[in-house]
Structure formats: C-alpha cells, structure tokens
Amino acid sequence: PPPAHTGNRTCIQSRRMHAVTLASTLPSSAYRHVSRHVCRRVSRHVSRRTAANAASMEKQAPTSDTERSSRVLLTNDDGVDSSLLVPFIAALHDAVGGAQHIRLQVLVPDAERSWSSKVMSRFANVDMRVTTREGHRVHTLSGTPADCAAVGCYHMDFEDPQMECDKGGGNTAARGSVRPDLVVSGINLGANFGTAFFLSSGTVGAALEGAIAGVPSVAISLILGDEARASMKAGEAPADAPGAAAAAARVVTAALAAVRSNRWPADVDVLNVNLPAGVQRDTAAVVTRVGRSRYLECFKRVEGDEGGYTTGEQSEGKEDNKGESTGGEFVATFKHAPSGMSWEDVEEGSDTWAVKNGHISITPVTLEGVCSATRPRREQSGQKAAGQGT
C-alpha cells in the first residue's frame, strides 16, 4: 500500500516513489506510461486536497492585522474651530475608504495654541470634552497640541471611536490599550518649514510627542498665499482648502500604507510636510532637508495703555518655592510680534526651496538630533518622493 499521508509535500514525494517502484516491474513502455499516469493522478489528488485544506484554514483563520481598520489620531494647533479641520476629516475618510476602513479619533486644543512647540501642561489639569463640527465627532482638550498627542496616544479608545476615551484608571499602557497606527497633526494654517518655524510649531510639537510615545507621526502645514490670507481675514476658509485637504489625505494614506506593511523607515520618527500655496491633490512631492533659518526680533515693547503697569510700580507676584515673592518693580511689557525672518538655506533640496517652487515638501526627522540626524545629504535632497501616483 502507499505510504500514509504525512503532509502535502511529503505525500507527493512518497506516493510518486511508490508508483515508480510498483511500475518498475512492468515492461519499459508500460513502466513509463503507468509511472506518468499514476504520478499525475497523485499530484492532482494532493493538489485538490491542498486547495481544500487551504480554503478551510482561510475560513478558520482570524482576521490578520493588515485587514483591520487603520487607527489614526488627528490633532492640530489651530484648535477646534480651525477652518481646515472639517475639510481634512472629510478628506481622510474619502481617501482611506470611509469610516469602516479608518478608526479616526480627533483630539484638538479647545482654542488656538500656535507657536507652542512641544510645551506640555505640567502644573495644570487638562479637561477633555466632546462636541461636533458639521456632523463630525470632535474631542477637545484644554491644553497644548503636545498634550493632545500624549493624551490621545494613551487614553483615546480606538476599538470603539464612539467612546470619548478609555474608562479605566492607572497605567494605561499596562492595561494593554490599543494605540494608534499613526499620529497626524494638522493641517496647520501657515508654514512650518525652516528650523525656526519647525522648532516653534505646535503642529510639529504634537507630532514629536506622538513619536516620543512610539507612534509614527506626520505634521502637515499649508503655506498661505495672499488670497488665503484675505479669506481668513474675512472669516472664511482659504480658497485652496479642498486641494490642501486632498493632498494632505494623500500623504496620510501613503504613510498609513507604509506603517501597516512595515515599510515605515526605522530611522524616521516624524515626517514634516509642507504644502505650497495653491496645492492640489496631485502636486508633486519631494524629499527635503530642514533649511536653516532664524527669527529676527520676535517681541516688541508695549507702550502706553497697552502696558500692564507704570514704570516703577510694584507688581504683586506669587511666592516661589522658597517663600519669596516673585513680584517686583515693574520694568516693561512685551508683545509677541515677529519682525521678520532670515533664510540661510534656500538652496535646492531644502524644504524652503521646495515650497517656494510649488512642490510638496516631505522632510524625514528623527528624535535624535531632531532636525539634523536624518537630513538628507544635499546630493540626495530634492529627489521625487516615492509613490507619486498614489
């Protein structure tokens, strides 16, 4: 009798050998015919059995990680009333394929927190609330963009996006809570290219906080042209909001695909993305470095009625940890009012060069060294980003 079935590959080999042995007692012409005939029948039988077993296993196998919905935490630094928030939420759902394919949790500051970098609320509690904007469920936090990323990564419920947050207490990580696949910060109303803007941006700060939590992160900003600025002064969304939302969603979709297929580069923590004014979904993207820049004067002295005290007046202050007053004689009041920028790197390959030439700038960043560690060499910067057609 033929050998017992001991696995598909072994079965094919052993049954073929049995057929050959059996047929070897026949005349040579009959041997060749029977050998081929029996081997073909055995192969067809095992192939059918293999296919049936595979189908059965496929039905019984649990859904793989690549088949589940993508989990995305969305935040920004312009707050819940940003004119780009709702268009971006809608574009993300459209690009990823609807709510059944993306578990999107939105947690944004309850008011604008621009220029806050990676500041976190060390000495004050932060309150989370839930609201809606044009039918979209949005959570707000009375904190900074970095607070939103930190709270969102550890406390939002990505298994059931209808839940405000997890209901447990204590160490969330120890409870094995589900983390987002990607943190997305933006779309920021204004540029975040060049070292000065990059290091001051609340949008970038939230993405860095996501990376510190161990989640790949993307910061996205829109350069505002004259038309967009005029629209914003009139209380309207920028005219290029639809194009910006579509382009940003395209970047997020590509980033998600890289994360879910384990193709996200191991030496990249954050992608800093800048969209040029007038951007459209199919605007070309290039890989860039952070161009060196610096601020000129950032604060101006406030005179007259704008000031808080009269020179020489004593101000009341709080006590420090030594019990001494933090007050003292008033000297001056200053107001944040940047007077200009110095652009020291506008050469091809820098993020500054890219957006000024109408390209989407994608800058890979690591936490080690922030701007410098993964800056592409000048000969590599400016190359076309992968996946231009997606």
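The values are calculated or read from the model by the stated rules, or taken from the named source; none is laboratory data. All values derive from a computational prediction rather than experimental measurement. Virtual Cβ from ideal backbone geometry, glycine too; neighbours counted across all protein chains shown. Only protein heavy atoms, including side chains, enter the accessible area calculation; ligands, DNA and RNA are left aside. Shrake-Rupley method; radii C 1.70, N 1.55, O 1.52, S 1.80 Å.
Sort through Gly369, Gly328 and tell me the only one that's exposed (fewer than 12 other Cβ atoms within 10 Å of the Cβ), modelled with pLDDT under 90, of a type in the set (Gly, Ala, Ser) and under 24 Å from the mean Cα position of the chain (by Cα).
Going through Gly369, Gly328 in turn, just one is exposed (fewer than 12 other Cβ atoms within 10 Å of the Cβ), modelled with pLDDT under 90, of a type in the set (Gly, Ala, Ser) and under 24 Å from the mean Cα position of the chain (by Cα): Gly369.
When the residues of segment 214-226 are narrowed to those that are at pLDDT 95 or above and assigned to a loop (DSSP other than H, G, I, E, B), which ends up most open to solvent (accessible area, probe 1.4 Å)?
My answer is Gly214.
Please go through segment 100-131 and give me each residue that is surrounded by fewer than 15 Cβ atoms within 10 Å (Cβ to Cβ) and either without any contact (Cβ under 8 Å) to a residue 24 or more places away in the chain or not in a loop (DSSP other than H, G, I, E, B) (or both), ordered by number.
Selection gives Arg122, Phe123, Ala124, Asn125, Asp127, Arg129, Val130, Thr131.
So which residues in segment 132-159 are on the phi < 0 side of the Ramachandran plot and open to solvent by 50 Å² or more (accessible area, probe 1.4 Å), if there are any at all?
Thr132, Arg133, Arg137, Tyr154, His155, Glu159 - these are the residues of segment 132-159 that are on the phi < 0 side of the Ramachandran plot and open to solvent by 50 Å² or more (accessible area, probe 1.4 Å).
Kindly establish whether Ala230 is closer than 22 Å to Ser114 by Cα, part of a helix (DSSP H, G or I), aliphatic (A, V, I, L, M) and open to solvent by less than 20 Å² (accessible area, probe 1.4 Å).
Criteria not met by Ala230.
Could you tell me whether Thr352 is at pLDDT 90 or above and not acidic (Asp, Glu)?
Judged against the criteria, Thr352 is a match.
Checking Ala277 against (1) within 17 Å of Val184 (Cβ to Cβ); (2) touching a strand residue (DSSP E or B) at 6+ places or on another chain (Cβ under 9 Å): exactly one of these is not met. Which one?
Here Ala277 clears every test but (1).
What pairs can you find where one residue is in segment 259-288 and aromatic (Phe, Trp, Tyr), the other is assigned to a loop (DSSP other than H, G, I, E, B), and their Cβ atoms are less than 7 Å apart, with a gap of 6+ or different chains?
Short answer, once both residue conditions are applied: Trp264/Pro216.
Please determine, by comparing only the residues of segment 279-300 that are open to solvent by 40 Å² or more (accessible area, probe 1.4 Å) and at pLDDT below 95, which one is nearest to Gly214 (Cα to Cα). I'd like the intermediate steps shown before the answer.
As a first pass, look at segment 279-300 and keep what is open to solvent by 40 Å² or more (accessible area, probe 1.4 Å): 280-282, 284, 292, 294-297, 299-300.
With at pLDDT below 95 added as a condition, the list becomes 292, 294-297, 299-300.
Numbers: Arg292: 27, Arg294: 30, Tyr295: 31, Leu296: 35, Glu297: 36, Phe299: 35, Lys300: 39 Å.
Residue satisfying both the conditions and the ranking: Arg292.
Being closer than 23 Å to Leu107 by Cα, of a type in the set (D, E, K, R) and touching a residue at least 12 places away in the same chain (Cβ under 8 Å) is the requirement here; does Arg250 meet it?
yes
Between a residue in segment 78-90 that is on the phi > 0 side of the Ramachandran plot and any residue that is open to solvent by 20 Å² or more (accessible area, probe 1.4 Å) and of a type in the set (Lys, Arg), which pairs come within a Cβ distance under 9 Å, given they are 6 or more apart or on different chains?
What qualifies is Gly79/Arg113.
Go through segment 173-227 and give me each residue that's within 10 Å of the chain's Cα centre (by Cα) and farther than 29 Å from Ser261 by Cα.
Correct list: empty.
Given the criterion among the small types (Gly, Ala, Ser), open to solvent by less than 30 Å² (accessible area, probe 1.4 Å) and not in a loop (DSSP other than H, G, I, E, B), identify the matching residue among Ala257, Ala211, Ala246.
Details: Ala257 fails: open to solvent by less than 30 Å² (accessible area, probe 1.4 Å); Ala246 fails: open to solvent by less than 30 Å² (accessible area, probe 1.4 Å).
Checking each option against the conditions leaves just Ala211.
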